[in-house]
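*Asks:* The structure's right below; bear with me while I get my questions together.
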Amino acid sequence: MDPLSLLPLARATRPSLPVAAAAAPLRSGKLRACGGGARIAPTRCRRAARLSASAVAAETPRTEDAPSPSPSGQEQFDWLDQWYPFAPVCDLDPRAPHGKTVLGLDIVAWFDRGAGEWRVFDDACPHRLAPLSEGRIDDKGRLQCVYHGWCFDGAGACKFIPQAPALGPPVHKNSKACVASYPCVVQNNILWFYPRAEPEYKEVLQRKRPPLIPEIDDPGFVTVYGIRDLPYGYDILVENLFDPAHVPYAHKGIMRGIRKKEDPGRVDYDKEGGGPIKMKIEEANKEGFVSPQERGYFQFIAPSTLVGSPFAQPQEGKKTPRIMLLFFCVPVAPGRSRVIWAFPRNVGVWLHNITPRWLYHVGQNLILDSDIFLLHVEERKFAAAGLDNWQKACYVPTSSDNMVIAFRNWFRKFCKNQVGWATPQVDQLPPTPTKDHLMERYWSHVVQCTSCSAALKAMKALEVALQIASVAVIGFLAIAKGTLVTSTVQRAVVVSTAVLCFAASRWLANFIQKNFYFQDYIHAYK
């Protein structure tokens, strides 16, 4: 079962939140992100500039009863005082560095064998600013820049400059030779980092932790992880994930809606199964909000974590089926975002154990593909309407939009419709590419996913093997004609084998193209 298909099941009543202590029991009326986990990596020398640039696709919320603009002096959300997910650890090879952009920062994660911990650095060698993510881990377990061979330890200190004479001045000890090292922690099998490298933030984990999801660490649960880069901005991503009403329409042919049985006066039903969705918003403040649902809840833990459960909460003494929907929304740059998903569940555990992760990703990527173009275009129309005119440009009269409105209210009130980028950003959306580039899967997902990368490599090898086999069988028939292959039946069998091998190779090539590179989704024919 694909947990994404459970999104339309959610409807409305009060939840009992399972997110860890600081993020779950909302007794104080505030959402507090919390977690536990591993040690923090040392921070170091050079710091990223703390400059904000507005997110081009940021807008204001809509609806007649939306709160009035925040008063002067309203406490604003601090984007740099937050933890951000880098990637699931299962998709990080400890033998190589991994580069990503988060909050406008180019960063690199690598595994420090000496300390047995992951580290997160600025993705720039202090020598000539070459990307360290293109480097390697040397034989001593240090991060090596492959441009000139400079090597760095887990604290970001330069330990070796090949071009410096051994008996000359120790230039590698100069502070300018250091790389900025960010606090990081592995929690819930996800690597998180904190975007401040100044020494005073070295022990930030003791003060502030990433949101902890207890179900992921529960041995009775199994979890499917995934990651994908998307060609639209952070706010569009969050808004879309908080919109279950779009599921049976934007994802038609992939996911179905659950038709409401009781809707007095309704005589017009569509085959997609759409209907009213009652939503309430509670505990709305700077840290996020919660939306009680009929059998579960949705929760926004600002800025990145979306938690949902479509099932009733467990009762004491009873094992209740639980499927959690967790989305971590990462602002990358204006017009670009990244979603990391984790779907813990305590049902169908046996199925998880026999199903390769890449097979789950085939369906999950198709779901993401089916509304990529819609959201990419929507973002540009929002930008054209003006960052502060969302409430005028959009008409959202039903309760099914309440979570979208709540997010837009939060984004306006506490963020002034802007992402607080860690580096200067150009206030311009990137141009719209052709669909095959907009919806491509290889660079946006496959190269970041160890399971899909391995599956693609194996399938390509099998495709070549089938082609070779088909040629070899025909060659065998030509050589053995009149000797080993004497009867018509034998020749028919040999020819059929060759044809089947060739047909299988062509089918496999088409499967690879659609599921690992590009598959168009035309809504009109669904």
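The values are calculated or read from the model by the stated rules, or taken from the named source; none is laboratory data. Owing to the predicted nature of the structure, the values given are computational and were not obtained by experimental measurement. Virtual Cβ from ideal backbone geometry, glycine too; neighbours counted across all protein chains shown. Each accessible area value is taken on the protein alone, full model and side chains, heavy atoms only, with ligands, DNA and RNA left out. Shrake-Rupley method; radii C 1.70, N 1.55, O 1.52, S 1.80 Å.
*Asks:* Using r as the Cβ-Cβ distance of Arg95 and His523, and R0 as 35 Å, what FRET efficiency do you calculate, to the nearest 0.05?
*Replies:* 0.25
*Asks:* Now for a different question. What's the whole-number percent of alpha carbon pairs in the range 382-498 lying beyond 26 angstrom?
*Replies:* That fraction is 62 percent.
*Asks:* Rank by packing, highest mean first: peptides 460-468, 271-279, with packing defined as the count of other Cβ atoms within 10 Å averaged across residues. Walk me through the intermediate numbers first.
*Replies:* Values: 460-468: 14.6, 271-279: 17.9.
Ranked from most to least packed, the peptides come out as 271-279, 460-468.
*Asks:* State to the nearest 20 debye the size of the charge dipole of the range 103-149 about its Cα centre, where the only charges are +1 on K and R beta carbons and -1 on D and E beta carbons.
*Replies:* Details: 6 positive and 8 negative charges, 31 e Å.
I would put it at about 140 debye.
*Asks:* Determine the per residue accessible area of the range 401-512 with all protein chains present and a 1.4 angstrom probe, expressed in square angstrom. List each step's numbers first, then the result.
*Replies:* Details: 5930 Å² over 112 residues.
Here the residues of the range 401-512 average 53 Å² of exposed surface.
*Asks:* Tell me, in nm to one decimal, what length is gained between Ile354 and Arg207 on full extension, where the rule is 0.36 nm per residue of separation less the Cα-Cα distance? It would help to have the intermediate numbers written out before the result.
*Replies:* Working: separation 147, 0.36 × 147 = 52.92 nm, distance 4.05 nm.
Stretched out fully, the Ile354 to Arg207 stretch lengthens by 48.9 nm.
*Asks:* Let me ask another. Quickly work out the Arg295-to-Arg128 label distance, labels modelled 7 Å from Cα along the C-beta direction, and quote it in nm with one decimal.
*Replies:* Each label point lies 7 Å from its Cα, and together they span 6.1 nm.
*Asks:* Give me the distance in nm between label points sitting 7 Å out from Cα along the Cα-to-Cβ direction at Asn189 and Ala384, one decimal.
*Replies:* According to this spin-label approximation, the distance is 4.4 nm.
*Asks:* I want the local charge near Lys413. Using Cβ-Cβ distances under 11 Å, sum +1 for each Lys or Arg and -1 for each Asp or Glu among the other residues. Display every interim value, and only then the final one.
*Replies:* Details: positive: Lys286, Arg408, Arg412, Lys416; negative: Glu75.
Combined, the nearby Lys, Arg, Asp and Glu give +3.
*Asks:* Normalised by the residues of the range 322-372, what does the relative contact order come to in percent, with Cα pairs under 8 Å and at least six apart?
*Replies:* Values: 36 pairs, mean separation 15.0, N = 51.
Contact order relative to length: 29 percent.
*Asks:* Using only alpha carbons, build the gyration tensor for the range 361-401 and give me the equivalent ellipsoid semi-axes, biggest first, whole Å.
*Replies:* Values: eigenvalues 133, 45, 7 Å².
Semi-axes (√(5λ), whole Å): 26, 15, 6.
*Asks:* If I take R0 = 41 Å and measure r between the Cβ atoms of Tyr442 and Ala472 in this structure, what FRET efficiency does the formula 1/(1 + (r/R0)^6) give, to the nearest 0.05?
*Replies:* According to the calculation, E is roughly 0.85.
*Asks:* Suppose the chain between Ala166 and Lys140 were pulled fully straight at 0.36 nm per residue; how much longer would it get relative to their current alpha carbon spacing?
*Replies:* Additional length available on full extension: 7.5 nm.
*Asks:* If you don't mind, there's one more thing I want to ask. Are there chymotrypsin sites (Phe, Trp or Tyr not before Pro) in the range 393-437 that DSSP marks as loop and that have at most 12 other Cβ atoms within 10 Å, and which are they?
*Replies:* The qualifying sites are Tyr395.
*Asks:* Still on this structure, please answer the following. Looking at the range 83-172, which trypsin sites (Lys or Arg not before Pro) are in a loop (DSSP not H, G, I, E or B) and have at most 12 other Cβ atoms within 10 Å?
*Replies:* Answer by residue number: Arg95, Arg128, Lys140.
*Asks:* Share of the range 168-305's accessible area from carbon and sulfur, percent, 1.4 Å?
*Replies:* 51
*Asks:* Taking a cut-off of 17 Å, what percent of all Cα-Cα pairs in the range 391-460 are separated by more than that?
*Replies:* 70
*Asks:* Can I ask one more? Considering only DSSP states other than H, G, I, E and B, which trypsin sites (Lys or Arg not before Pro) in the range 196-249 qualify as loop sites with at most 10 other Cβ atoms within 10 Å?
*Replies:* Those that pass, being in a loop and sparsely packed, are Arg207.
*Asks:* Relative to a virtual label point 7 Å from the Cα of Ala115 in the Cα→beta-carbon direction, which members of the range 186-220 show backbone nitrogen distances below 18 Å?
*Replies:* Answer for the range 186-220: 186-187, 190-210.
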